[in-house]
Structures are given as structure tokens and as C-alpha cells.
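Here the structure is laid out as C-alpha cells; the discussion comes afterwards.
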Amino acid sequence: MWIIANWKSNKTIAEALDWLAQAGPKIPKNPNLTVVVCPCFSALSEVKKAIIVGNFPLLVGAQDLSPFGMGAYTGEEPAQILRELITHAILGHSERRQNFGETDEIISQKAAQAKANNITPLICVQGTDILIPQDCELVAFEPISAIGTGNPDTPENANEVAKTLKEKNGQDIQVLYGGSVTADNVQSFLTQSFLSGVMIGKASLDVQEFIKICKKALENI
Ligand code: PGA
């Protein structure tokens with residue numbers, strides 16, 4: 001089961017370290033629960049160090065990466081460097097598609113860079129007709145109407161979408177749900193048979209709420 005914390009453009013390095021100091025010791029250690037925290041690029045290095053020092057059961061992910069390798073691409077973060085810090089990368093989030101004009105083609109290039117560098121891409125799709133790049137087996141269904149609105153999809157619909165995504169892209173893919181997940185509603189998503197976890201934006205910023213979410217996840221393993 002997956003719990004992904006997507007902090008978006010939030011938390012200074014000091015705030016990130018404070019969150020880790022509180023959450024780290026309380027995240028349940030269980031071989032069937034994988035918790036990935038995705039801070040801003042500028043906090044990745046410190047977050048990674050704090051996790052190693054604290055021996056916390058957390059992995060580190062990025063919220064994006066470059067479609068190119070190393071070279072003359074000013075401002076981009078290449079997978080060849082990020083691989084020292086992260087195991088996962090969120091790709092194709094709707095906020096990037098909307099605000100930065102990301103296309104399926106760019107997302108496929110990014111996924112290829114990630115995979116070539118042993119980083120697992122987490123591809124965000126907003127419906128069943130969005131392209132999932134080849135050999136990408138971790139997918140998050142995030143309906144735009146549910147992101148940051150406090151209006152989550154129904155667990156039953158999210159489950160139906162996950163079922164369809166698996167039928168279209170192969171039963172090996174794991175589908176997560178994202179969009180206004182909280183400690184109060186997380187269980188209703190985690191009990192759906194075709195869902196393998198959740199991706200959490202706003203509720204992951206609040207450390208107590210996030211700890212609650214992880215504990216509830218444990219009850220469903
Ligand atoms: P939210 O964001 O939990 O704040 O709705 C989810 C996401 O965008 O990944």
C-alpha cells in the first residue's frame with residue numbers, strides 16, 4: 001500500500017525538517033506500507049539526510065524532473081543527479097499540465113529519463129483516456145475537480161476508474177487515488193479493491209493529520 005505526500009510548493013527547509021522530526025518516529029514500519037515524501041527540490045538533500053540519520057521508514061520523491069539528461073538545459077533538474085536523492089518522481093500532475101503546458105509527449109520523455117536512472121515514475125492521470133508511458137506501473141488517478149477543493153471523488157468511482165485503467169494498461173499497474181484525501185476519508189479509498197494507495201496534497205502538510213492517515217492505512221493492510 002502506498003501513501004504519497006505531495007507537498008507542492010510548500011515548506012521551507014526548516015519546516016520540512018521539523019515535519020520529519022515529528023512524523024519520522026511515528027510512521028508505522030510495515031513491509032506492506034510504503035510512504036514517500038515529495039518536498040521541493042531545494043529541500044530534497046536535507047530531507048534525505050534527516051531520514052537516513054533518523055532511520056525513518058520514508059522514501060523521498062521529487063515532484064517533477066527534466067525531460068533531458070545533463071547538459072545545457074538551464075533551470076532543469078536531471079534524473080542523473082536526482083537519482084542520488086530520490087527513488088520516485090511524480091510526473092504529469094495536472095498542475096504541471098495546466099500551468100506549464102506539459103504534454104503527454106514531454107511526460108513520456110521525463111518517464112524515460114526517470115527509468116533510465118532507476119527512479120520510479122508516478123504518473124498522474126486525470127481520467128482513463130490519458131496516456132500512461134510505456135513500462136510505467138505506478139499511476140495516480142487525480143480528478144481535477146477533487147484536487148485542493150475539499151470535494152473528493154467517491155471511492156466507488158475512483159475504484160471503477162482504477163479498474164478501467166488496469167484493463168487498458170495491464171493488470172500489473174498499481175493505481176492510487178488523489179484529491180482531497182484526509183484522515184477522515186482515507187479508509188474509504190484504501191478499502192477499494194482496485195486501489196493500491198493514496199496521494200495526499202494539503203492534508204500531508206499537517207504533520208498530525210499525516211500521522212493519522214498513515215495509522216489508518218496500517219489498519220487496512
Ligand atoms: P490535495 O492534492 O490532497 O490537496 O487535493 C492532491 C494532489 O494534488 O496530489
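Tabulated results
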read-out: Choice from Asn117, Asn159, Asn99 with maximal GNM fluctuation in the chain (Cα, 10 Å cutoff); value: Asn99
read-out: Carbon and sulfur %, accessible surface of the range 18-128 computed with the full protein complex present, 1.4 Å; value: 51 percent
read-out: P(r), alpha carbons of the range 1-97 - 10 Å bins starting at zero, rounded %; value: 15, 48, 29, 7, 0
read-out: The range 1-130, accessible area per residue, ligands and nucleic acids excluded (1.4 Å, Å²); value: 46 Å²
read-out: Selection from Pro28, Ser45, Ser204 lying farthest towards where the dipole of the chain points positive, charges on Cβ; value: Pro28
read-out: Top of Ser193, Ser45, Ser66 by mean-square fluctuation, Gaussian network on the chain, Cα under 10 Å; value: Ser193
read-out: Chain lengthening between Gln134 and Ser9 when straightened (0.36 nm per residue, less Cα-Cα); value: 42.2 nm
read-out: Ordering of 25-37, 78-90 by burial proxy (mean other Cβ atoms within 10 Å per residue, highest first); value: 78-90, 25-37
read-out: Where Met70, Met199 fall by accessible area, highest first, once all protein chains stay in place (1.4 Å); value: Met70, Met199
read-out: 28 Å Cα-Cα reach of Lys163 towards lysines, excluding residues that sit fewer than 8 places from it in its own chain; value: Lys8, Lys110, Lys115, Lys202, Lys212, Lys215, Lys216
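The values are calculated or read from the model by the stated rules, or taken from the named source; none is laboratory data. Keep in mind it's a predicted model, so treat the numbers as computed, not measured. Cβ: placed from backbone, ideal geometry, glycine included. Neighbour counts: every protein chain shown. All accessible areas refer to the heavy atoms of the entire protein, side chains included, with ligands and DNA or RNA removed. Shrake-Rupley method; radii C 1.70, N 1.55, O 1.52, S 1.80 Å.
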